[in-house]
Protein chains: 2
Amino acid sequence: MVMSTRTEPETDGIRVAVSTVIFSLRRGARGDRPTIVLPLVRRTRDPHEGRWALPGGWLDRTEELDVAASRTLAETTGLAPSYLEQLYVFGDVGRSPGRVVSIVYWALLREGAKLPADAENVAWFDVADLPPLAFDHEHIVEYALWRLRNKVGYSRIAHGLLPDLFTLAELREVYEAILTRDLDPANFRRQVENSATLIPTERFRTGSHRPARLYRYDQDVELADRGPLPHPTAPFALSREARS
Amino acid sequence: MVMSTRTEPETDGIRVAVSTVIFSLRRGARGDRPTIVLPLVRRTRDPHEGRWALPGGWLDRTEELDVAASRTLAETTGLAPSYLEQLYVFGDVGRSPGRVVSIVYWALLREGAKLPADAENVAWFDVADLPPLAFDHEHIVEYALWRLRNKVGYSRIAHGLLPDLFTLAELREVYEAILTRDLDPANFRRQVENSATLIPTERFRTGSHRPARLYRYDQDVELADRGPLPHPTAPFALSREARS
DNA sequence: ACAAAAGTGTTTCTACTACACCCATGT
DNA sequence: ACATGGGTGTAGTAGAAACACTTTTGT
């Protein structure tokens with residue numbers, strides 16, 4: 001360790017936090033377009049007490065970054081994400097008392113995620129109708145939505161919001177919810193069929209009108225191209241502890 | 001401040017560093033395709049002493065993130081970048097002794113950047129022919145190159161490597177250097193002309209064969225779409241202190 | 001029978017590609 | 001004059017968009 005008696009720039013006292021923007025899907029009344037929702041946590045202590053904020057926490061010294069994101073995600077929702085990616089680092093000097101550098105991830109949860117029964121001060125919000133948020137979290141959510149809308153155009157990321165089996169109409173509705181505009185069902189069908197990322201099954205969704213074929217993921221295709229970055233550490237399977 | 005006597009996860013002792021991958025352009029013998037180059041710093045102290053590393057330094061508690069990136073960039077090259085963007089945060093537990101979270105930026109410098117005369121232990125390297133690097137900097141450079149190659153396809157980012165006036169052939173050579181493949185001059189011309197991001201001037205580059213028209217940037221068009229992110233803080237004009 | 005969603009066919013439009021060709025200058 | 005890079009023209013191709021149409025179910 002190099003010690004110096006000169007007055008040097010102060011590099012200690014910077015705290016590192018990890019937060020996650022968690023997107024999921026909520027289907028409303030039958031026939032309505034589904035909406036993108038995210039869970040927020042009501043703050044119970046000082047800066048911005050009472051305001052809604054992104055789930056997060058302090059980074060532990062021995063904890064990988066994506067594990068920290070998965071951990072806070074699991075603590076909030078009790079679930080493991082179907083997709084997790086680093087979003088951005090927000091570290092403006094004035095964004096929080098003291099100097100806090102927030103490493104923000106964004107994640108997808110499959111449709112129908114339920115908050116654990118013991119979850120207090122946690123609630124789902126429609127991204128189109130958010131309350132005032134703590135810190136600069138409104139900007140963060142806005143940027144995460146921008147990233148999601150971009151990524152949906154050139155990757156299979158929308159599949160991360162759906163269960164294992166789904167119809168093409170359900171997949172299209174996910175795209176429509178993210179892009180907030182209607183898509184032509186005929187052209188949409190051809191595009192995803194030509195992309196060779198879906199496997200048709202012999203099962204059908206009945207109950208209304210003509211049955212629709214169910215599709216499933218091609219597990220060999222990644223949800224999104226992450227470039228040369230390594231894959232995230234497998235999140236510890238908090239939601240799978242119950243299996244036999 | 002909330003104090004606790006329980007044994008809690010340790011969140012102190014994490015250090016925050018800022019590094020920058022700085023790309024510029026080097027033209028070789030006349031007629032050869034230019035190459036993408038970046039400056040590296042030879043480490044003079046312990047972890048990986050003697051190895052080449054990305055320019056960087058510790059984040060000061062009162063310093064904005066992009067200012068820290070600009071600062072280390074200026075300390076290394078004496079110049080201000082034509083483009084600066086956050087790349088990624090690397091924070092693996094094992095990447096460095098102690099826990100270091102590195103916020104990495106990437107930047108472009110216009111062609112022909114010269115290192116300051118007093119620059120010791122700094123040198124330019126062709127990205128296609130790098131020496132072994134310290135820490136995980138090889139992966140970082142690989143990722144930055146991937147981002148550059150992607151971004152060149154959907155933004156005007158290549159202009160950040162050129163001086164104010166340039167020919168279409170020079171611009172095309174930048175694309176070819178980044179993508180490492182030849183482009184059709186005729187089609188390339190039409191693409192950039194249709195993009196309405198260049199303004200033709202009445203000046204021409206002479207000296208060989210038919211003179212080529214010089215173009216300049218349309219200042220109103222951003223180099224790259226940054227989404228809803230705020231623009232970087234204007235880097236303090238270290239290279240412009242001499243004006244009047 | 002009819003409504004409504006599933007699924008197919010067809011035309012148009014646009015953008016990129018390949019490549020032939022002409023233009024203007026230095027040697 | 002001729003070689004060379006600057007610059008234009010044009011036909012072919014692939015994919016997206018628009019929309020008419022057929023199919024299959026529930027009521």
| Scan of the stretch B:205-230 for residues that are surrounded by 11 or more Cβ atoms within 10 Å (Cβ to Cβ) and away from DNA strand D (no atom under 16 Å from the Cβ), ordered by number | B:TYR217, B:ASP218, B:VAL221, B:GLU222, B:LEU223, B:ALA224, B:ASP225, B:ARG226, B:GLY227, B:PRO228, B:LEU229, B:PRO230
| Where residues in the stretch B:155-204 are among the hydroxyl-bearing types (Ser, Thr, Tyr) and within 15 Å of DNA strand D (Cβ to nearest atom), which of them is farthest from the other protein chains (Cβ to nearest Cβ)? | B:THR201
| request: Please determine, by comparing only the residues of the stretch B:78-104 that are touching an Asp or Glu at 6+ places or on another chain (Cβ under 7 Å) and under 25 Å from B:THR11 (Cβ atoms), which one is most open to solvent (accessible area, probe 1.4 Å). | output: B:ASP92
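Among the residues of the stretch B:89-132, which ones are at positive phi and modelled with pLDDT of 95 or more?
Selection gives nothing.
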| request: List the strands (runs of 3 or more DSSP E) that sit entirely inside the stretch B:12-86 and contain at least 1 residues that are among the polar types (S, T, N, Q). | output: B:14-26, B:35-42
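Out of the residues in the stretch A:177-197 meeting the condition of being open to solvent by less than 30 Å² (accessible area, probe 1.4 Å) and within 12 Å of DNA strand C (Cβ to nearest atom), tell me which one is farthest from A:GLU222 (Cα to Cα).
Among those that are open to solvent by less than 30 Å² (accessible area, probe 1.4 Å) and within 12 Å of DNA strand C (Cβ to nearest atom), it is A:PHE188.
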| said: On the basis of being surrounded by 14 or more Cβ atoms within 10 Å (Cβ to Cβ) and within 18 Å of A:ARG33 (Cβ to Cβ), does A:LEU168 make the cut? | reply: yes
| field | In the stretch B:87-137, residue farthest from the other protein chains (Cβ to nearest Cβ) [restricted to those that are among the charged types (D, E, K, R) and more than 23 Å from A:GLU85 (Cα to Cα)] | value | B:LYS114
| note | Residues of the stretch B:203-220 being of a type outside the set (Phe, Trp, Tyr) and either part of a loop (DSSP other than H, G, I, E, B) or more than 12 Å from DNA strand C (Cβ to nearest atom) (or both), in sequence order, are B:ARG203, B:THR206, B:GLY207, B:SER208, B:HIS209, B:ARG210, B:PRO211, B:LEU214, B:ARG216, B:ASP218, B:GLN219, B:ASP220
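The values are calculated or read from the model by the stated rules, or taken from the named source; none is laboratory data. Owing to the predicted nature of the structure, the values given are computational and were not obtained by experimental measurement. As a convention, Cβ positions derive from the backbone with ideal geometry for all residues, glycine included, and neighbour counts pool all protein chains shown. The accessibility values were calculated without ligands, DNA or RNA, using every heavy atom of the protein model including side chains. Shrake-Rupley method; radii C 1.70, N 1.55, O 1.52, S 1.80 Å.
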